[in-house]
Ligand code: PHE
């Protein structure tokens with residue numbers, strides 16, 4: 001075997017070894033590059049006679065063509081293999097059944113919120129929406145909380161890394177009660193002209209459902225949960241009205257005419273007197289137990305004043321209930337976290 005034959009064999013072996021296009025280009029440079037073996041052979045002909053140059057030149061050319069052909073063949077083989085792999089990876093079994101488009105549905109808590117809104121709307125209540133990031137004044141001060149009230153502590157309330165005009169960080173509202181003051185202030189502003197012209201201010205009757213936040217997490221508490229605030233304020237609204245409205249609401253909501261309510265004395269800085277509202281089913285799996293569903297009370301005079309109203313003239317009640325808990329009671333769900341896990345197997349049951 002002469003030197004050219006073994007050079008061609010060597011090139012074929014090197015190309016065959018190259019597993020990728022990049023490796024193949026490297027192998028090519030060794031043989032056909034500017035400083036490659038074949039270029040070197042060409043340079044080596046300088047000392048030969050004219051006659052020898054002819055035969056040697058022709059032989060080198062034949063060898064070069066053989067190397068180029070081998071290179072081309074290997075390039076083709078590599079790209080065929082790549083295509084083959086790609087086709088395999090992207091293969092599609094057209095005999096598989098199609099994927100059905102799933103119909104979405106309302107989250108169980110959304111269903112409850114819609115239901116609450118419908119029932120209160122039927123009793124003449126407006127539905128209001130408000131910010132989840134609140135000022136210290138709206139969440140606490142306006143609601144008659146003393147400056148060092150524990151509800152303000154970082155153990156209970158989430159704070160945002162940004163300060164309000166008062167120099168106090170904004171909070172993620174720990175209840176929907178700030179909406180009492182926000183809505184009342186808007187209501188007062190809306191009716192200002194009419195009142196100044198000697199007319200009477202229409203009663204405030206509103207609910208404000210929405211998300212609320214507290215540093216709390218277990219089977220019955222989630223750091224994000226829902227509340228629905230209620231406020232009825234006028235010149236002659238009494239605790240009796242609260243009892244009637246809330247009893248009506250609960251009986252309609254749970255579709256149970258014999259549902260019993262209990263107003264249990266309690267304390268909130270923004271109501272006086274205050275009461276927790278417990279309900280009791282007379283039949284079904286929860287019958288006979290008192291279940292707490294809301295806080296409530298007569299709006300405190302200081303809060304009425306912060307609304308921009310005269311507490312000697314305007315009086316009324318407020319309540320705050322937990323739609324998550326109402327949903328748990330209505331459907332018999334025992335772990336609040338299921339509502340927020342997003343597990344489709346759980347959520348599908350409510351469709
Ligand atoms: N904001 C109270 C709470 O979160 C509930 C409440 C609302 C109590 C309105 C009285 C009046 O517990």
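Couple of notes before you dig in:
- Taken over the stretch 204-220, the criterion of being in contact with a strand residue (DSSP E or B) (Cβ under 9 Å, 6 or more places away or on another chain) and surrounded by fewer than 16 Cβ atoms within 10 Å (Cβ to Cβ) is satisfied by 211, 216.
- Exactly one residue out of 299, 304, 293 is closer than 20 Å to residue 325 by Cβ and touching a residue at least 40 places away in the same chain (Cβ under 8 Å): that is 293.
- Filtered residues of the stretch 84-108 (kept if surrounded by 10 or more Cβ atoms within 10 Å (Cβ to Cβ) and part of a loop (DSSP other than H, G, I, E, B)): 105, 106, 107
- Scanning the stretch 293-316 for residues that are within 14 Å of the ligand (Cβ to nearest atom) and out of contact with any helix residue (DSSP H, G or I) (no Cβ under 9 Å at 6 or more places or on another chain) turns up just one, 295.
- Qualifying residue in the stretch 90-105 (condition: touching a helix residue (DSSP H, G or I) at 6+ places or on another chain (Cβ under 9 Å), more than 24 Å from residue 336 (Cα to Cα) and without any contact (Cβ under 8 Å) to a residue 24 or more places away in the chain): yes
- Applying a threshold of 6 Å to beta carbon distances and a minimum spacing of six or more residues, or different chains, the list of pairs starting in the stretch 257-277 at a residue that is assigned to a loop (DSSP other than H, G, I, E, B) and ending at one that is more than 10 Å from the ligand (Cβ to nearest atom) reads 257/251; 258/282; 259/250; 259/251; 259/279; 269/144; 269/145; 270/144.
- Scanning the stretch 20-35 for residues that are free of Cβ contacts under 8 Å to residues at least 24 places away in the same chain and not in a helix (DSSP H, G or I), we see that the one that is surrounded by the most Cβ atoms within 10 Å (Cβ to Cβ) is 33.
- Only one of the numbered conditions (1) surrounded by 14 or more Cβ atoms within 10 Å (Cβ to Cβ); (2) within 24 Å of the chain's Cα centre (by Cα) is violated by residue 152, and that is (2).
Here, each number is a calculation from the coordinates, and none is a lab measurement. All of these numbers come straight from a predicted model, not from anything done at the bench. Every residue, glycine as well, gets a Cβ built from its backbone with ideal geometry; the counts of neighbours run over all protein chains shown.
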